[in-house]
Every structure is written in structure tokens, then in C-alpha cells.
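To start, the structure under review is shown below, and the notes come after it.
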Amino acid sequence: MDIKFVFLILNGLTQAAILFVLGSGLTLAFGLMRVVNLSHGAFYMLGGYIGYSIVKATGNWPLALVAGGLSIALAGFLFERLMLVRVRGGDLPETLLTVALAMIISDLCLVFWARTPITLNVPKYLNPPVTILGVTYPGFRYILMGISIFIALSLWFILYKTKLGAAVRAGVDDRETVSALGVNIQVIYSAVFVISALLAGLAGVLGGSYLQLSPGGDTTILTYSLVVIILGGMGSLLGAVVSSLILGQIMSFGLAFAPQYSYFLIFIPMAIVLAIRPQGLFGRKI
Amino acid sequence: MNLAKKEPFAIGFIILLLILLPFFVGQYTITTFIRIIYFGFLSLSMGFLIGQGGLVSLTQTAFFGLAGYVIGLMNIDHGIMFPWPDLTAFVVVFVIALFFGLIAMRTEKIVFMMITLAFGQIVWAFATQNTSIMHGWAGIRGIRPYVLYGINFNDTSTFYWAALVLFLSGLFLLWRIVNSHFGLILNGIRENPRRMAALGYPVYWIKLVAFLIASMYATMGGVLACYNSGIIMPTTLQLSRSIWVLLTVILGGSTYFWGPVVGVVTAIWLDVLISSMTERYNMVIGILFLVIVLFSPTGILGMLDAIRSGHKLKFLSKFFLPKKKKID
């Protein structure tokens, strides 16, 4: 096989790693709360910018990753407790609140950070050239993939092996029965929303180190994450894995062979799946 | 809702004022009113779907922009004259809306919203990235209104009157649709689609027809908009534009027939006001959005209704004394 294709596949995998971290947060929140968090893209961007500032100040990339994730988790917690809880149960008001938050955050980013696209600096020690089977590829991208796999495994562990996860899964099926059984569903809601925000923040730092952060980029990111969860099936972790792998390859190959249509191409699998199976590849009927 | 029944004189008076407007005010105000009219069409398009059908569609702006693109491409790039570009715009949007609608109507509620958002982004992506047909970021410039039957639509006042006539007829037509048998069925579907299906109504197709009607209103707005601004660019198709239109609907009161109109008038004047004061336009709009959703989800008209029926500060007290929470 041509060496070019190997690189394209690897690029696609890197892209998929970021898409997964992004989409899994959204799909998790949707599965339980039926809230489509339209500020997910803005959370990503804010997380990325916070990470950028920390890398610029300290040069410590792992610290930036942690801080970017945690600060967005905190923002998500405050937003859920102070605002979202007041309109719980109404589909439209909940979504509108997240839209409003997205507008405010993206404008704040314009105030505090550059108006030109920026990329996080990855320190040399995290980015050695790695040669596997005669193919040399930046090591940092393998780290990205590793982090993404680690996140996928931890999410799987939390959802299927812990009490919190059991309550979350039960809540997806029947909220009333779960709360009647003595589980405080409000706490579960908060926890899930915070995890979702945390993932968006982490994705922001990861994505900002591989791609660019640019003003107004939050809507593009939001669209990517929506496509991931629509294609994979909303609320499905496995769906997020599979769809981000598919979309990652499409984005990578599209950019190489049809740059005029690369962004357009990612919607094609979505449209096909919707026409045949509206609930997505691994989704259940809602 | 019953504004038209109760106060026909008030409406007649407002229409008269609107017709006479160019004699009293300057060019800038007239241009602002033209903006209100074409965004009014777009807002009506979205408001009709939300208020009557409970369908939150974020694709409407794409139809609005597509209409402009069709006219720009045919008129500027190929030199085809009125009425062909305009008619083609309606046909093209109809076909695309049919295609999107056939897919999107298979889903419901919040999923529908996300899918329509994605559809809007498809159109945006195509217009942005494709340079060979759509001209990419540059867009198409130089679209001018025509001189028809000796009437020069390049004149702002004439254009305003033409737009006003179209808008009033559009409003009247929509009013008839909302109050027709079809409108009633649509309301039934908004409240309980399963029951309507059980009663034998073809829910899927009725929603699709509503979607197509709405897309035609968006197209009408887009046609007027591209002639007025003379330029069509991918920024017209941006998600932020869809969200702004959604804001106008919620601001006015999504459950009211006049909600989108009230919302668009308020939002455009706010726009004029805020832009002259601060650069942080989006921040102000975002905060406004938050305040409306939290304090007065029924919008301006809902607030007026509450004041009229004596519950003056109900919308405030509701916020500070939240109801006992129900699960689900």
C-alpha cells in the first residue's frame, strides 16, 4: 500500500480520537437528560483557550489538559445548578438556554483571546517521532489516540461497573421508577452534565493541540459532535466510538482528495443512516 | 391570537401608517423596515413551525440563503432576467425542502431540531467550501432590483412598498392557513401526534406540508433580502443567523400568531440600538436570550397577556419561587 494512505488513515484515527471525546460527552448527557447541549462547541472552545493560556504561561501541557477539563466541568456544574435546573423537563427552554450560553461564551472568547486562529504548543518531550513498521508519525498523535481510548474505557467502566453508572442506565430507561427507588435523580443529572462538560473541555485541549482554535469555530465543532451522535445513535457509547471512527476517516480522506467538499462529505453517512434508520446506528427508538 | 378579531381598526390604522411611512421618515428608517420585512418572512417561517406544529427547525435560514444564491447565480453569472431566477428560487428550495423534510420528519422533537441544524450546516458547508459554483467565502455581489413595467424598484420607497404588499399578503395567507382545517390538524399534531395518528390523520405528510409551506415563506424573505442587500454570502447561512431568528420567535412569543412579527420588529430595533453602543452584540443578545427563557418563556406577547389579565408580576414571582419540582 502507498505510504500516503497509511498517513491518511493515521490522520483519520487522530481525528476520530478527538471526535470521540467530543461526541461521547454530548451523547452521555442526551441519553440520560434528553438535553441537547448546544453549548458543547462553546465549551470545547473555552476549554481549548484556557489550555492555550496555561501552556503559554507555564509550558506544562498535561497541566493545561487537566485545567482545561476541570474548569469547563466547573462551568458546566454552575450552569446546570443555576440555570438548567429551573427549566427542567421542557425540551425547548432547555435547548434555548444552552444556545444562549453558547453565544455568551463564544463572545467572551473573542474578548479574552486572539481573533486569529491559534494552536496549543506541544512540548518536544511529548512529541517524539515514533516509527512503527517503518512508518514515522508524530508521537503526540499516538498520545491523543491513547488518551481517547483511556477515556472510552473509563466511561465504559463508570457506566457498566459502578453504582452511578447503574443509576444512569436505569434513569435512561425510566426516570420515575429510579427516583421512586430512592436514587436522587437530580444529583445524577448534575453528575452526568459535569462529566459531559469535562469531556468537552478535555476535547478542547486535545483538539486545540492538533487542529486550530479559531473565533467562530464553536459552531463547526458543535456540528461535528452532533453528526457523531446522530450517526452513532443518541445515548449510545458504542455508537459514538463507531461513528467517530467512520467520520475521522471521511474527514481525512476528504481533505486529501476533495478539499472543496471535505466538510460537506461528513454529512453523507448521516443522511443515509437517517433515511434508513432514524435512531442512528446503535441508537434505540426514543 | 384574537388581535385581529378584536381590533380590526387598530390593524387598519397600523397598515395605513406603514403605507404612508416613506413620506415621514428618512432613507435609513425605510431600509430598516425593509430588513424587518425580509427577516419577518424568515421569522414567520420558523414561528409557524414552532407555534403551530411544535417543530423547531433550524434549516429555515438555509432556505432563505439558498433563494439568494439561486438568484445570484442565475442573474449575475448567467444573465437570466426576471422572473426566471425568482421562480427557479422557489422551485429549487421546494425540491430541497422536500428532500430534507422526507428525512427529517421521520424524527421528533429535539432530534428533529438537531437534524435540521445539521441540514442547515450542510448548505453552509457547501456554500463556503465550493468555489467553482458557489464562489466560496466571496459570495456573489451586485444583485440589483429590476425596472418592471416602468416601475423602478431600485428606489428605496418603491421597493419598500412592494415588500410591504408581499408581507401583508403573506401574513393574511398564513392567518388563513393557521385558522383553516389544516391548521387545526397541525395544532392537534403539536399536542399529541400519536392520538392524531390513531384518528387516521397522515401525521408524517401533514408535518411535511407544513415544512414546505414554511420553506416558501423563508424563500420569499431570501428573495427580498438578496435584492435589498445586493450581495449573498455564506455568512447568511451561518448557524448564528438561525439562532438569531429563533430568538426573534421566542422573544415575541412562539405560541402567538403575531409573536414572530413582534419579535422581529423588537430585535431589529435592538440591533440598531446595540450596534451603535457596543461591539459585544452577541453577548447582549445571549444574555437577553437567557433572561427571556428564564423569566418569560412566553415572550413579549405572553408578558402583555399576563399584565392584561391582572397577573402583573407573575412571571417574576415564578422565577423566584420555583414550583415544587415534578419528576419528569
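The numbers here are math on the coordinates, done by the rules we state, and not lab data. These figures come from a predicted structure and were not determined experimentally. With ideal geometry, Cβ positions are generated from the backbone for all residues, glycine too; neighbour counts draw on all protein chains shown.
Eigen-decomposition of the gyration tensor built on the alpha-carbon atoms of segment B:144-261 gives equivalent ellipsoid semi-axes of 33, 17, 13 angstrom, largest listed first. In the frame of its principal axes, segment B:1-151 has Cα extents of 47, 42, 25 Å, reported largest first. Relative contact order of segment B:238-320: 30 percent, from C-alpha pairs under 8 Å at least 6 residues apart in sequence. Between A:Val6 and B:Tyr28, what FRET efficiency follows from the Cβ-Cβ distance if R0 is 45 Å, with the result rounded to 0.05? Between A:Val6 and B:Tyr28 the formula returns 0.15. Rounded to the nearest 20 debye, the dipole magnitude of segment B:26-237 is 480 debye, with +1 charges on Lys and Arg beta carbons, -1 on Asp and Glu beta carbons, and the Cα centre as origin. A crude spin-label estimate for the pair B:Leu98 and B:Trp205, with each label 7 Å from Cα along the Cβ direction, gives 1.4 nm.
Note on chain B: with a GNM built from Cα contacts shorter than 10 Å, the maximum mean-square fluctuation among B:Ala163, B:Ala197, B:Ala104 falls on B:Ala197. In terms of overall dimensions, the C-alpha atoms belonging to segment B:238-320 reach 38, 28, 22 Å along their principal axes, ordered largest to smallest.
Result for chain A in a Gaussian network model with C-alpha springs under 10 Å: among A:Leu206, A:Leu19, A:Leu153, the largest mean-square fluctuation is at A:Leu153. Counting pairs of Cα atoms in segment B:150-215, how many percent are more than 15 Å apart? Here the long-distance tail beyond 15 Å is 63 percent of all Cα pairs in segment B:150-215. The order of A:Arg34, B:Arg195, going from fewest to most other C-beta atoms within 10 Å of their C-beta, is B:Arg195, A:Arg34.
A helix-only calculation puts chain B at -23500 deg cm²/dmol for mean residue ellipticity at 222 nm, using -39500 (n - 2.57) for each DSSP H run of at least four residues, averaged over all residues.
Computed over all pairs of different Cα atoms, the Kirkwood value for the hydrodynamic radius of segment A:1-61 is 14.0 Å.
Sorting B:Cys226, A:Cys109 by the number of Cβ atoms found within 10 Å of their own Cβ, with the fewest placed first, yields A:Cys109, B:Cys226. Note on A:Thr162 and B:Phe172: the model spin-label points, each 7 Å out from Cα along the C-beta direction, lie 6.4 nm apart. A Cα-only calculation for segment A:159-283 places Rg and Dmax at 17.3, 56 Å.
Ordered from longest to shortest, the equivalent ellipsoid semi-axes for segment B:79-160 are 32, 18, 13 Å, each the square root of 5 times a Cα gyration tensor eigenvalue.
Between the Cα long axis of helix A:237-257 and the first principal axis of chain A there is an angle of about 30°, rounded to the nearest 10. Size of segment A:10-215 from its Cα atoms: along the principal axes, largest to smallest, the extents are 57, 42, 27 Å. Using equal-weight Cα scatterers in the Debye expression, the normalised intensity of segment A:90-193 in log10 at q = 0.15, 0.17, 0.22 Å⁻¹ is -0.96, -0.99, -1.10. Taking the square roots of 5 times each eigenvalue of the Cα gyration tensor of segment B:26-237, largest first, gives ellipsoid semi-axes of 31, 21, 13 Å.
Altogether, the Stokes-Einstein calculation at 20 °C and 1.002 mPa s, with the Kirkwood radius of segment B:18-64 over Cα pairs as Rh, returns a diffusion coefficient of 176 µm²/s.
Cβ-to-Cβ counts within 10 Å put A:Thr27, A:Thr223 in ascending order as A:Thr223, A:Thr27, the fewest first. All C-alpha pair distances within the protein assembly as shown, sorted into 10 Å bins from zero, spread as 3, 15, 26, 27, 17, 8, 3, 0, 0 percent across the bins.
Here, segment A:1-114 is characterised by an Rg to Rh ratio of 1.06, where Rg is the alpha-carbon radius of gyration and Rh the Kirkwood radius.
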